[in-house]
Amino acid sequence: MRELKNKNESVKSVIMKNNYLKLVLLVMIISVASCKDEELPAPMATATPASQVITSGETTAIALSSDINGTTFSWTVVQTGVTGAIPGSGTSIAQSLTATGSGSGTATYTIIPTANGVVGDPITVVITVNLAKVTYLADVKPILTASCTPCHLAGGANPNKWDEYTPTKTKISLIIDRVKREPGATGFMPRNGTKLSADKIAVLEKWVADGLLEK
């Protein structure tokens, strides 16, 4: 009887061990299947700043980040009235942009984040590129000294000297009025000279619009 009892207990022990092993195996299988079925999260991109306004010739400064470490970024770009914007990749967008028209232009970047093989939703960053401000020293003085010599320069007969900032700033409305007249008309300037081109007159007018900056 004792031997039979021991034998039964041994059988029960083996069965319990087998059931335990089966349970452990089942848990492992379920765990592995669960891991395989779990979807990796998509990265969310952030651009800092979300938009930017620069002056023609300046460089963009857009930092790219994500909620997932190791995210990579690539971008495409559409530019209107601007040159210098190109597609690329990295964690920042630093490109020198130049306005090409008579007004402001834009560069619209579409940025796509990727992490662990998962592509996130794209974000858009718009860069507005304004024309550089016209200044007396860089833009106005060269036009007037070339067109109004010798009368309106130092040593000339006319007391209004356009090679000096203050008198030019004070008289700019009169200057623009005179240079816009047709040759032969009363008060046309430069006297006995060639009429300024429309581009040069536009520079003088933009100087006024930009605030009559010296430099």
- request: Kindly list, by first and then second residue, each pair from a residue in the stretch 56-72 that is loosely packed, with under 13 Cβ neighbours inside 10 Å to a residue that is among the hydroxyl-bearing types (Ser, Thr, Tyr), limited to pairs with Cβ atoms under 9 Å and residues at least 6 apart or on different chains.
  value: Thr59/Ser96; Ala63/Thr46; Ala63/Thr48; Ala63/Thr91; Ala63/Ser92
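Per-residue answers, yes or no, for (1) of a type in the set (S, T, N, Q); (2) under 13 Å from Thr135 (Cα atoms); (3) in contact with a helix residue (DSSP H, G or I) (Cβ under 6 Å, 6 or more places away or on another chain):
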residue: His152; (1), (2), (3): no, no, no
residue: Trp162; (1), (2), (3): no, no, yes
residue: Ile176; (1), (2), (3): no, no, yes
residue: Gly184; (1), (2), (3): no, no, no
residue: Arg191; (1), (2), (3): no, no, no
residue: Thr194; (1), (2), (3): yes, no, no
residue: Lys206; (1), (2), (3): no, yes, no
residue: Lys215; (1), (2), (3): no, yes, yes
Scan of the stretch 22-76 for residues that are more than 30 Å from Lys133 (Cα to Cα), modelled with pLDDT of 95 or more and part of a loop (DSSP other than H, G, I, E, B), ordered by number: Pro41, Ala42, Pro43, Met44, Asp67, Ile68, Asn69, Gly70, Thr71
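Considering only the stretch 77-100, how many residues are part of a strand (DSSP E or B) and more than 30 Å from Asp199 (Cβ to Cβ)? Show your work before the answer.
Our first condition is that a residue be part of a strand (DSSP E or B); within the stretch 77-100, this holds for 77-80, 82-83, 88-89, 92-93, 96, 98-99.
Subsequent filtering for residues that are more than 30 Å from Asp199 (Cβ to Cβ) retains 88-89, 92-93.
Going through the stretch 77-100 one residue at a time, the tally reaches 4.
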statement: Only one of (1) touching a residue at least 24 places away in the same chain (Cβ under 8 Å); (2) buried (at least 17 other Cβ atoms within 10 Å of the Cβ) does not apply to Ser96, and that is (2)
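The values are calculated or read from the model by the stated rules, or taken from the named source; none is laboratory data. From a predicted model like this one, the values you see are computed outputs, not experimental measurements. Cβ atoms come from the backbone with ideal geometry, glycine included; neighbour counts cover every protein chain shown.
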